[in-house]
1. Which of (1) under 30 Å from A:Val130 (Cα atoms); (2) more than 7 Å from chain B (Cβ to nearest Cβ) is the odd one out, the single condition A:Thr38 does not satisfy?
2. List the number of the failed condition for B:Ala213; all other conditions in (1) surrounded by 15 or more Cβ atoms within 10 Å (Cβ to Cβ); (2) at positive phi hold.
3. Determine which single condition B:Thr124 fails, assuming it passes every other condition in (1) more than 15 Å from B:Leu242 (Cβ to Cβ); (2) in contact with a Gly (Cβ under 8 Å, 6 or more places away or on another chain); (3) more than 7 Å from every other protein chain (Cβ to nearest Cβ); (4) buried (at least 18 other Cβ atoms within 10 Å of the Cβ).
4. Looking at segment B:58-68, which of the residues that are more than 7 Å from every other protein chain (Cβ to nearest Cβ) and in contact (Cβ under 8 Å) with a residue 12 or more places away in the chain is surrounded by the fewest Cβ atoms within 10 Å (Cβ to Cβ)?
5. Among the helices (runs of 4 or more DSSP H) contained in segment B:4-110, which hold 2 or more residues that are modelled with pLDDT under 90 and under 30 Å from B:Gly198 (Cβ atoms)?
6. Only one of (1) touching a strand residue (DSSP E or B) at 6+ places or on another chain (Cβ under 8 Å); (2) in the same structural domain as A:Glu136 (by TED's automatic domain parsing); (3) closer than 30 Å to A:Glu87 by Cβ fails for A:Arg240. Which number is that?
7. Which of the residues belonging to segment B:191-210 are surrounded by 13 or more Cβ atoms within 10 Å (Cβ to Cβ) and closer than 25 Å to B:Ala98 by Cα?
8. Could you pull out the residue among B:Ser97, B:Ser28 that is at the interface with chain A (Cβ under 7 Å from one of its Cβ atoms) and in contact (Cβ under 8 Å) with a residue 24 or more places away in the chain?
There are 2 protein chains.
Amino acid sequence: MAEADSGGVRSVQRAIDLLALFDTDHPSRSVRELVDATGLPKTTVVRLVHTLEQTGLLWARGDGRIVPGTGLLRWGELANRTWRLPEQAKRLLADLSAASSGETVHLYVRQQAARVCIARHEGTRSLRHVVHVGEEMPLWSGAASHVLLSDADGADVAAIAARAPHDDWSDALWQRVRRAVADGHAVSHGEREPGVSGVAAPVFTGSGRMSAAVALGGPTIRFTEEAVAGFLPPLLETARALTTLDCIGGTA
Amino acid sequence: MAEADSGGVRSVQRAIDLLALFDTDHPSRSVRELVDATGLPKTTVVRLVHTLEQTGLLWARGDGRIVPGTGLLRWGELANRTWRLPEQAKRLLADLSAASSGETVHLYVRQQAARVCIARHEGTRSLRHVVHVGEEMPLWSGAASHVLLSDADGADVAAIAARAPHDDWSDALWQRVRRAVADGHAVSHGEREPGVSGVAAPVFTGSGRMSAAVALGGPTIRFTEEAVAGFLPPLLETARALTTLDCIGGTA
């Protein structure tokens, strides 16, 4: 029974991993490609594809290619509805960008070992920081990550730090997280990508739990100490207003 | 091994069924609600939710509610990209509506025992036929279904007919499907919903396989024999043009 159960979780994971092989670069796949990419036996892949076809998550196009199924249209719509910000919140992000020399604003939530961009207001500068909605960024780096890890314990932070391409990142990350808690915001320069800086502040739920990080991102050359000092007041004001709206992940 | 395998497929099915419990009327759920709705033991539900959270398909909002996860944002975008028609094809649907007294045009594909609307051009009449993109309709009724079943064998059609709320629908459905093949189009009046009529024609893939059905739908009172005779030439022309474009389910 316990074994069948763990087999079950493993199968769900496999099915999800299989779906994850479809992306912008691979909008369609053949069974052969799926076998090669997963390393699973062909019989297992065929069975998984069959199950996913039955439920509308995959669709056999008729030219031997398999594509994301129509069932995902419905879930995509549902996810959009859950994560789409109310107009009032979108306006807050736009106002923050305008008040911060036209830098790009992103809103991130934690998703396991990643932060996911759930909303953005693209800046007006020609050199700008671009992260798309739905895009996952590593949680071991960046001001938004330090903010999102504010309520994480040492073991959690250590596990995240272990994913960084640096030796002994655990202490450094922990210090950054503690500092974000103490300051009520975080600033980072080129932690993951040289020349990219960020300033982030926490958004809380109605019950005071960490909910999201609102962040300004742009080239380090424009994120001088003076510029950051100017960004902070509108950023903190925006974070407070988003906390009051309490709309991250929907309200229904 | 065989047992673990079938347990695996069952688990995938359960996970998908669990996700399907989130819809427009239920954008968030508690574990308690999921237990009640699935009839599964709480331990099983908790394990499934945990697996789905790990992979970003579900998200715990922090107020005890579980919502569709950010991972679905990416898949939704991917499904949209796969199923979004090129501008040229959208224009064909709009032109067909204009040439057919402003009736609504839908494009359906077969998805197991259902037909799913993948595109539409809403009509201009105040009483109009509305099926949303991503919505599933039963395959046992309607002109679009008869067209989509053109390449199905007797056993397939019988299995679909068994889902109808009529006794012995198998022969009736088979006759309608054969007639659609012979005529190259199908017409239906009030088969599922009294007072709703449809006219549909087949769209084929480049290799000549059934791909989709393009359909005009509206109130029976406007779908007189004379009106349908007028709808047919532009409908068949549109179906041929969509066959030439060969764009159903993406092209990449």
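1. (1)
2. All conditions are met except number (2).
3. So B:Thr124 meets the others, but not (4).
4. Among residues in segment B:58-68 that are more than 7 Å from every other protein chain (Cβ to nearest Cβ) and in contact (Cβ under 8 Å) with a residue 12 or more places away in the chain, the one surrounded by the fewest Cβ atoms within 10 Å (Cβ to Cβ) is B:Gly64.
5. Values: elements: B:31-38, B:42-54, B:71-83, B:87-99.
Where helices (runs of 4 or more DSSP H) fall fully within segment B:4-110 and carry at least 2 residues being modelled with pLDDT under 90 and under 30 Å from B:Gly198 (Cβ atoms), they are B:71-83.
6. Every condition holds for A:Arg240 apart from (1).
7. B:Val196, B:Ser197, B:Gly198, B:Val199, B:Ala200, B:Ala201, B:Pro202, B:Val203, B:Phe204
8. The conditions single out B:Ser28.
The values are calculated or read from the model by the stated rules, or taken from the named source; none is laboratory data. This one's a predicted model, so the numbers in the text were calculated from it and none came from an experiment. Counting neighbours? That spans all protein chains shown, and the Cβs are built from the backbone with ideal geometry, glycine included.
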